[in-house]
Amino acid sequence: MIRTKLLYTLLMLFCSLFVLLLGCQINELKQIEELLDNGKADAAVEKLVEYLETDEQNPQVLMLLGKSYNELGRYNDAVMQFEKATQQYASESKKLNEVRLELASTYLHIGDRESAIRLLRKVQKSTNNPKVLQKVIELVGDSYSIKRLTYGDSDNYSPIFSPDGKQIAFASFRLDNGEIYLMDLNGRITRRVTYSTDFNDNSPAFLHTPDYIFYSSDIKDTREIKLLIQSSGSTPIFAGLNLTHIHSKVTHNVIPNSFGTRAPQASREGTMVVYESNVDENLELFLLEFSELELSQFTPENITPKRITYNETDDGSPSFFPDGKRIIFVSSRNDVNQLITIDIDGKNERHFNPNRFDCYNPSVSPDGKTIAFMSARYGDWEIYLIDVNGKNERQITNDIGRSIHPTFSPDGRYIAFVSDRSDAFHIYLMDLNNPITQQDLVKRLR
């Protein structure tokens, strides 16, 4: 009886010690993951290499080390660690697929598409988990059906939907300078809006009446177009803001051409416009209110800009939330360009998506639940979606070239975006009601 109690006590002691050690291990690996998430891949590698000296077959450590090597651009080292992890996870299908996805992504980074597709076929055949299959789709192409709207050798950019969702206003360089046009959702040009041969007009926005378009106009100093991703307050770009009647072509200069006044975005009701402008050698956000103005009688004296942000780093590329009370914008205050939210009165500023990647061009869905944005990762520019709570990030474009300038349709069904996957920059329409199916995936992987 005494011996039994002693064995039981020793067993409980052993179990408690095991749980304690396991808890310490989990906590230590979590801290290493946080280093990686905060862009400190070098420090993560150092700790993981030390960890492997005592536990060289730990697959979780091998996975983290592979991810860390990827962040440092050491792709061949990453491949080696992921391959070791696949051996350790051979009997755990869920973890094995997780490693295979990381390894396939790394193969794609180094241009070994054949090895990547081979692995992704294995993942596709081994699971019906929609989240896993979605990851496979993200690696081999766009997540939803795509329709190309513009053609030709000239760049097309800055798309925005009309309030009724039936047209898209956009800028095009087809006439040796940037002008604003309207097209329907099949790509048929319905109207040319601006006629300003000495300027590059871009970033159109509809106001509360569909007869007026608000836009940015840059002084033309070269025959090359500059597609706006994120401005810099230190870059000498002279631009102003204009208001044009779509039918009569009567144009009002709202903000005169000055140092870096660009990227206007209208609220959902079209009663407010937020834009970026250079102040104190960096960009800040400003607000214009149009709700009480008769636009046909507009003069610059009718309106006074209201400043929203006061920072030492650039704040730009703003976009309204549907309620018109908050704005999401891009700031470089954390060394990388990140998404920040703020109330239109300049209060309640919050870092929306802390990560280690540059993020640009935010656009909020009409229901306020989803943010579309472009992010530069691993040498590629693609479009992502993320829930408004900062979770559930997913990539929705993946093709050759760069994808930028996402914008939602008023009903939330479509995203219009710009891509140079066909050499010049063209505008594409993505149907969020028509996702890529498993059958489509099988065809892609063939």
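The values are calculated or read from the model by the stated rules, or taken from the named source; none is laboratory data. For clarity, every value in this text was computed on a predicted model and none was experimentally measured. In this analysis, Cβ positions are derived from the backbone assuming ideal geometry, glycine residues included, and neighbour counts consider all displayed protein chains.
Looking at the stretch 398-407, is at least one residue touching a helix residue (DSSP H, G or I) at 6+ places or on another chain (Cβ under 9 Å) and either crowded, with 22+ Cβ neighbours inside 10 Å or in contact (Cβ under 8 Å) with a residue 12 or more places away in the chain (or both)? Yes, the stretch 398-407 has at least one match.
Just the residues that are more than 16 Å from G66 (Cα to Cα) and in a helix (DSSP H, G or I), please, taken from the stretch 106-124. Listed by number, the residues that qualify are R113, E114, S115, I117, R118, L119, L120, R121, K122, V123, Q124. Being in contact with an Asp or Glu (Cβ under 6 Å, 6 or more places away or on another chain), surrounded by 17 or more Cβ atoms within 10 Å (Cβ to Cβ) and either of a type in the set (V, I, T) or not assigned by TED's automatic domain parsing to the domain that holds E56 (or both) holds for only one residue in I117, I180, I137, and it is I180. Checking the stretch 103-114 against the condition returns a match, with at least one residue being over 20 Å from E33 (Cβ atoms) and touching a Phe, Trp or Tyr at 6+ places or on another chain (Cβ under 6 Å).
Evaluated against (1) assigned to a strand (DSSP E or B); (2) polar (S, T, N, Q); (3) within 13 Å of the chain's Cα centre (by Cα), N355 falls short on exactly one condition, (1). Identify the residue in the stretch 30-41 that is among the charged types (D, E, K, R) and surrounded by 12 or more Cβ atoms within 10 Å (Cβ to Cβ) and, among all such residues, is farthest from R377 (Cα to Cα). Selected residue: E33. Inspect all residues belonging to the stretch 315-334 and state whether any of them is part of a strand (DSSP E or B), at pLDDT below 90, under 23 Å from the mean Cα position of the chain (by Cα) and not charged (D, E, K, R). The answer is yes; a qualifying residue exists. In the stretch 107-125, is there at least one residue being among the acidic types (D, E), under 21 Å from the mean Cα position of the chain (by Cα) and closer than 30 Å to E83 by Cα? No, every residue in the stretch 107-125 fails to be among the acidic types (D, E), under 21 Å from the mean Cα position of the chain (by Cα) and closer than 30 Å to E83 by Cα. Among the conditions (1) among the basic types (K, R); (2) closer than 25 Å to G165 by Cβ; (3) touching a residue at least 24 places away in the same chain (Cβ under 8 Å), the only one that K325 does not satisfy is (3). Consider the stretch 3-59 and keep the residues that are basic (K, R) and within 30 Å of the chain's Cα centre (by Cα). The one that is modelled with the highest pLDDT is K40.
In the stretch 161-174, is there at least one residue being charged (D, E, K, R) and touching a His at 6+ places or on another chain (Cβ under 9 Å)? No - not one qualifying residue is present in the stretch 161-174.
Tell me whether the stretch 379-395 contains one or more residues that are in contact with an Asp or Glu (Cβ under 6 Å, 6 or more places away or on another chain), outside any strand (DSSP E or B), modelled with pLDDT under 95 and not aromatic (F, W, Y). There is no residue in the stretch 379-395 that is in contact with an Asp or Glu (Cβ under 6 Å, 6 or more places away or on another chain), outside any strand (DSSP E or B), modelled with pLDDT under 95 and not aromatic (F, W, Y).
Residues of the stretch 190-210 that are in contact (Cβ under 8 Å) with a residue 60 or more places away in the chain and over 29 Å from the mean Cα position of the chain (by Cα): T209 alone.
Do we find a residue being outside any helix (DSSP H, G or I), more than 19 Å from A266 (Cα to Cα), in the same structural domain as F206 (by TED's automatic domain parsing) and modelled with pLDDT under 90 anywhere in the stretch 404-420? No, there is no match, as no residue in the stretch 404-420 is outside any helix (DSSP H, G or I), more than 19 Å from A266 (Cα to Cα), in the same structural domain as F206 (by TED's automatic domain parsing) and modelled with pLDDT under 90. Scanning the stretch 65-102 for residues that are crowded, with 20+ Cβ neighbours inside 10 Å and outside any helix (DSSP H, G or I) returns a single hit, Y89.
Just so you know, in the stretch 266-309 the residues that are part of a loop (DSSP other than H, G, I, E, B) and among the aliphatic types (A, V, I, L, M) include one that is nearest to the chain's Cα centre (by Cα), and it is I308. Select from the stretch 162-219 the residues that are modelled with pLDDT under 95 and in contact with a Lys or Arg (Cβ under 6 Å, 6 or more places away or on another chain) and write down the one among them that is nearest to R262 (Cα to Cα). The extreme case among them is S216.
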